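Peer 1: Mind having a look at this structure? Questions to follow.
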Amino acid sequence: MSKIVVFGAGGRAGMRVVEEAVGRGHEVTAVVRDPGKYAGVWGSSGTGSSGVDSSGVDSSGTGSSGAGSSGAASSGAGVRVVAGDVTDLAGVAEVAAGHDAAVQVAARLDVSSEEFYTAAARALVGGLGQAGVSRLVAVGIGSLLEVSPGVRLVDTPDFPAEARAFSLGHAAELEVFEKSGLDWVVLAPPPVLLDESASRTGRYRIGGGEVPALEPVFSFADLGVAVVDEVERPRHHRVQVAVSY
């Protein structure tokens, strides 16, 4: 059994990560903006979402409050829900203390993607370092994968400008991780909307740095499986890899 802290636990990806981890007997600290919204969630139906953008990461997983016991709400089923801000280094260090691994699936849509992901990555590197947590599993974005050797999808001529700006925020995050001493991995699902209603199959494939096939549509439930597998049995280190069917 491990202790796992999940930043952005209230989104479609984060919810599935928490469910998967708890289902395997792990203790989970779920970091969200408003813990009161999640009291009893994982202890009852285990489903729900809040503040989620099109990439499936959780914008409710960030906020102005620090992460500490004063903002905690027990949710049962091995989950402790706390308020936290993944861009706050001191808050990250506080909430991550005593955990074996961290998961990052948080986002914010009210600031630029590059600003948010750079700040979050720096806070995670510094905060997890202070807390003594070396393993970080993050969910990335498929548009940073390659369509041909040396050519990322985000750099192709017809790629939408708005989506490009969001993707480059994830690229900035990667740059911070690469300069750190963390044992990190970024799992990048296909660059399409994932299936949020499909049941867990436990099936997935880890690829390299290339954009995977878009069909069948990958599910949030199986993304959660892949994330928790990398926590339990780290197979990929300091690299971004594709995850799909």
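The values are calculated or read from the model by the stated rules, or taken from the named source; none is laboratory data. Here the structure is a predicted model, which is why all the values come from computation and not from measurement. Because the Cβ atoms are built from the backbone with ideal geometry, glycine has one as well, and the counts that use them run over all protein chains shown. Surface accessibility is based on the protein's heavy atoms, side chains included, excluding ligands, DNA and RNA. Shrake-Rupley method; radii C 1.70, N 1.55, O 1.52, S 1.80 Å.
Peer 1: Scan segment 195-213 and give yes if some residue there is under 16 Å from the mean Cα position of the chain (by Cα), farther than 20 Å from GLU115 by Cα and in a strand (DSSP E or B), otherwise no.
Peer 2: No - not one qualifying residue is present in segment 195-213.
Peer 1: Given the structure, is VAL111 modelled with pLDDT under 95 and not in a strand (DSSP E or B)?
Peer 2: Answer is yes for this residue.
Yes or no, residue by residue, for (1) touching a His at 6+ places or on another chain (Cβ under 9 Å); (2) at pLDDT 95 or above; (3) part of a loop (DSSP other than H, G, I, E, B); (4) open to solvent by 10 Å² or more (accessible area, probe 1.4 Å):
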residue: ILE4; (1), (2), (3), (4): yes, yes, no, no
residue: ALA13; (1), (2), (3), (4): no, yes, no, no
residue: GLU19; (1), (2), (3), (4): no, yes, no, yes
residue: TRP42; (1), (2), (3), (4): no, no, yes, yes
residue: GLY46; (1), (2), (3), (4): no, no, yes, no
residue: SER50; (1), (2), (3), (4): no, no, yes, yes
residue: SER55; (1), (2), (3), (4): yes, no, yes, yes
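Peer 1: Show the residue pairs that are 6+ apart or on different chains and have beta-carbon atoms under 6 Å apart, the first residue being within segment 187-215 and more than 27 Å from GLY150 (Cβ to Cβ) and modelled with pLDDT of 95 or more, the second being aliphatic (A, V, I, L, M) and part of a loop (DSSP other than H, G, I, E, B).
Peer 2: Within 6 Å, the pairs are ASP195/VAL217.
Peer 1: Filter segment 196-213 for residues that are among the aliphatic types (A, V, I, L, M) and surrounded by fewer than 19 Cβ atoms within 10 Å (Cβ to Cβ) and give the result.
Peer 2: ALA198, ILE206, ALA213
Peer 1: Suppose we keep only residues that are part of a loop (DSSP other than H, G, I, E, B) and more than 12 Å from PRO189 (Cβ to Cβ) within segment 214-236. Which one would you say is least open to solvent (accessible area, probe 1.4 Å)?
Peer 2: Taking the candidates together, the pick is HIS236.
Peer 1: SER180 versus (1) open to solvent by less than 40 Å² (accessible area, probe 1.4 Å); (2) not in a loop (DSSP other than H, G, I, E, B): which is the lone unmet condition?
Peer 2: (2)
Peer 1: Moving on. For segment 150-170, name all the residues that are in a helix (DSSP H, G or I) and either of a type outside the set (Gly, Ala, Ser) or surrounded by fewer than 21 Cβ atoms within 10 Å (Cβ to Cβ) (or both).
Peer 2: Matches in segment 150-170: LEU153, VAL154, ASP155, ALA161, GLU162, ALA163, ARG164, ALA165, PHE166, LEU168, HIS170.
Peer 1: Here's a follow-up. I'd like to know if segment 118-131 contains one or more residues that are open to solvent by less than 10 Å² (accessible area, probe 1.4 Å) and not in a helix (DSSP H, G or I).
Peer 2: no
Peer 1: Shifting gears a bit: Select, from ARG135, ARG152, the only residue that is within 23 Å of HIS26 (Cβ to Cβ) and either at pLDDT below 95 or of a type in the set (Lys, Arg) (or both).
Peer 2: Of ARG135, ARG152, the one residue that is within 23 Å of HIS26 (Cβ to Cβ) and either at pLDDT below 95 or of a type in the set (Lys, Arg) (or both) is ARG135.
Peer 1: Shifting gears a bit: Return the residue satisfying two criteria in turn: it lies in segment 82-97 and is in a helix (DSSP H, G or I) and touching a helix residue (DSSP H, G or I) at 6+ places or on another chain (Cβ under 6 Å), and of such residues it is surrounded by the most Cβ atoms within 10 Å (Cβ to Cβ).
Peer 2: VAL92
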